[in-house]
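Taking it in order: structure first as structure tokens, then the write-up.
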Amino acid sequence: MFSKLTRRTLLSALMATGIAASAAAPTFAADKIKLRLATSGSETDARSVAMAEVFGPMVADIATYQPGYNGTLFAQGTELEAISRGNLEMSIASAQELAQFFPEFSIFTAGYVHQDAAHQVAVFSDALMDPFKKKVEDELGVKLLSVMYLGRRQVNLRQSKDELTVKTPADLAGVNLRMPGTDAWQFLGKALGAAPTPMSFSEVYTALSTGAVDGQDNPLPTVVDAKFYEVTKQIVLTSHLVDLNYIAFSKALWDGLTPEQQATIQKAADAAAESGRKKQLEKEASLVAFLEKNGLAVYEPDLGAFRDQVQSMYLESEFAKTWPEGVLEKINGLGSK
Ligand code: KDO
């Protein structure tokens, strides 16, 4: 079920070439550090804006921040490998991408586990994350600096509500739902009751406009930012995943920095994550009205039915077998519900 081969192949290749140790040459104190960040998000995405307006200026004395948007520096899903190989300094990484290398990260990709933005921060800051972070540093050469809020993922369809009203997962049977291209994402699509199709983010608008897919899932700010509302007719507020991203940084580069440089970068990453989170939450709260004004039906399905099906499918899945004992309980314990 997992891409074990991918993970093993890459990790052993990295070990064999000693890549984590030899990546990105350490920077001398007098030099400005070059920090290229790869993201498949757009320039106007709240995370990109926060990095450009908060992170960049906060590190400006010691580093030049050079973002590459829309997957132009590295394609979606290849960024972590690029950091690991010493070809890139930073990315906005998902837990689903990390689960390709470390299956236990799938616990952070499971539907209806994270409850809200504050819960994500509590989980990321808790000691339960330490072994996850350490493994990513030791085996992939990537340091996870901070957690960013992407938002509550909703199901966004081409069909009008008259053609298809979604109340329970059974109503999504046969719906060709675009999900990003990893096992963890595809499983989430299946757990929702749909027929998932893997596709990179940059292809989604065209696929929706031509009918190559019936729909996609993303938080409301992304539906608006990527203009998916122009080519779809409804949003089912499943809130099936309170989605996050990590600010990922080259561990080899980090290890070559002075403690002061490290502190500056860490502070800037945390401040950018906090600023992006606030903006994204504001957008989420205001966008239903905008979408309705643009002719989309926006409504809640039977959330209990979705939660029950998704949670039980995860618990019975191969993914849950990789979750370290007691971690799900600790995550639940950090939430408010
Ligand atoms: C997407 O491909 O649907 C997704 O929302 C997945 C996220 O992990 C993240 O990569 C995001 O795309 C991109 O940054 C574009 O917003």
Within the accessible area of region 189-257 (1.4 Å probe), percent carbon and sulfur: 50 percent
The answer for the net charge of residues other than T238 whose Cβ lies under 13 angstrom from its Cβ, with Lys and Arg +1 and Asp and Glu -1, is -2
Excluding D225 itself, calculate the net charge of residues whose Cβ lies under 9 Å from the Cβ of D225, where each Lys or Arg counts +1 and each Asp or Glu counts -1. +1
Taking the chain as the reference, fit the longest principal axis to its C-alpha atoms, fit the long axis of helix 303-315 to the helix C-alpha atoms, and give the angle between the two in degrees, 0 to 90, nearest 10. 50 degrees
The helix 4-16 Cα axis meets the longest alpha-carbon principal axis of the chain at an angle in degrees, between 0 and 90 and rounded to 10, of 10 degrees
When we measure straight from the Cα of K134, which aspartates and glutamates land under 16 angstrom away, once same-chain ones fewer than 8 places off are left out? E104, D126, D255
In nm, to one decimal, how far is the modelled label at A173 from the one at L303, with both set 7 Å along Cα→Cβ? 2.6 nm
Of all accessible heavy-atom area on region 52-141, the percent that carbon and sulfur account for (1.4 Å): 51 percent
What is the helix-to-structure angle for 259-293, meaning the angle in degrees between its Cα long axis and the longest Cα principal axis of the chain, kept from 0 to 90 and rounded to the nearest 10? 10 degrees
Distance check, please: which entries in K133/K279; K143/K278; K161/K330; K133/K190 exceed 30 angstrom between their Cα atoms? K161/K330
I'd like to check one number: the per residue accessible area of region 221-320, probe 1.4 Å, reported in Å² as a whole number. 42 Å²
Could you pull the accessible area for K233 with a 1.4 Å probe, rounded to 10 Å²? 110 Å²
Distance from the Cα centre of region 39-75 to that of region 286-337, in angstrom? 29 Å
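The values are calculated or read from the model by the stated rules, or taken from the named source; none is laboratory data. Because the structure is predicted, anything quoted here is derived from the model rather than measured. Virtual Cβ from ideal backbone geometry, glycine too; neighbours counted across all protein chains shown. With ligands, DNA and RNA removed, areas are computed over all heavy atoms of the protein, side chains included. Shrake-Rupley method; radii C 1.70, N 1.55, O 1.52, S 1.80 Å.
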